[in-house]
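Comments concern the structure below.
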DNA sequence: AGAGTGACTCATA
DNA sequence: CTATGAGCCACTC
């Protein structure tokens, strides 16, 4: 069991929950907003996540590639959800970041 | 304290 | 395209 007492964990939750439908975010982007340089920690936090309220399927790496270790199932499941929200894939595992990357204003 | 691990990213070759 | 090495930081043993 992963220790989720850290403040970082909550921040990741809050931020990911704010991602609107049809948008995605990268690990590096989240890490930067949370004041860290470590994108691994973001992925690690989401890996320990099992809360269905957190749309972790909207979080992808910097190339727009989906994660292979998706908590709710396979990466295929993640892809399916994104497609239903209107996020187009430019390849089998890559989303179009140019159009769907969500940036805070 | 030290070593290993990890849903990442960047630079180099 | 692949392969390494490094940086990053929390966790476990």
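The values are calculated or read from the model by the stated rules, or taken from the named source; none is laboratory data. Just so it is clear, the structure is predicted and the values come from calculations on it, not from any experiment. Cβ coordinates were reconstructed from backbone atoms using ideal geometry, including for glycine residues, and neighbour counts include every protein chain displayed.
Observations, loosely collected:
- Failed item in (1) within 14 Å of residue A:23 (Cα to Cα); (2) touching a strand residue (DSSP E or B) at 6+ places or on another chain (Cβ under 6 Å); (3) touching a residue at least 12 places away in the same chain (Cβ under 8 Å), with residue A:104 passing the rest: (2)
- Selection within the stretch A:70-86: residues that are in a loop (DSSP other than H, G, I, E, B) and in contact (Cβ under 8 Å) with a residue 24 or more places away in the chain. The member of this set that is nearest to residue A:18 (Cα to Cα) is A:86.
- Tallying residues that are within 20 Å of residue A:14 (Cβ to Cβ) and more than 6 Å from DNA strand B (Cβ to nearest atom) within the stretch A:60-74 yields 2.
- The C-beta contact set for the stretch A:47-59 (first residue more than 13 Å from residue A:78 (Cα to Cα) and part of a loop (DSSP other than H, G, I, E, B), second residue within 16 Å of DNA strand C (Cβ to nearest atom) and modelled with pLDDT of 95 or more, distance under 9 angstrom, 6+ apart or interchain) is empty.
- Qualifying residue in the stretch A:38-51 (condition: more than 10 Å from DNA strand C (Cβ to nearest atom), at pLDDT 90 or above and loosely packed, with under 14 Cβ neighbours inside 10 Å): no
- Check on residue A:30, surrounded by 14 or more Cβ atoms within 10 Å (Cβ to Cβ), in contact with a strand residue (DSSP E or B) (Cβ under 8 Å, 6 or more places away or on another chain) and in a loop (DSSP other than H, G, I, E, B): no
- Remark: residue A:62 matches the filter, which requires a residue to be under 11 Å from the mean Cα position of the chain (by Cα) and loosely packed, with under 14 Cβ neighbours inside 10 Å.
- Restricting the first member to the stretch A:23-38 and to residues that are more than 21 Å from residue A:88 (Cα to Cα), and the second to residues that are part of a loop (DSSP other than H, G, I, E, B) and more than 13 Å from DNA strand C (Cβ to nearest atom), the beta-carbon pairs closer than 7 Å and six or more apart or on different chains are A:33/A:104.
- Scan of the stretch A:62-88 for residues that are closer than 16 Å to residue A:29 by Cα and out of contact with any strand residue (DSSP E or B) (no Cβ under 6 Å at 6 or more places or on another chain), ordered by number: A:63, A:67
- Residue in the stretch A:89-101 that is farthest from residue A:26 (Cα to Cα), counting only those that are part of a helix (DSSP H, G or I) and in contact (Cβ under 8 Å) with a residue 12 or more places away in the chain: A:100
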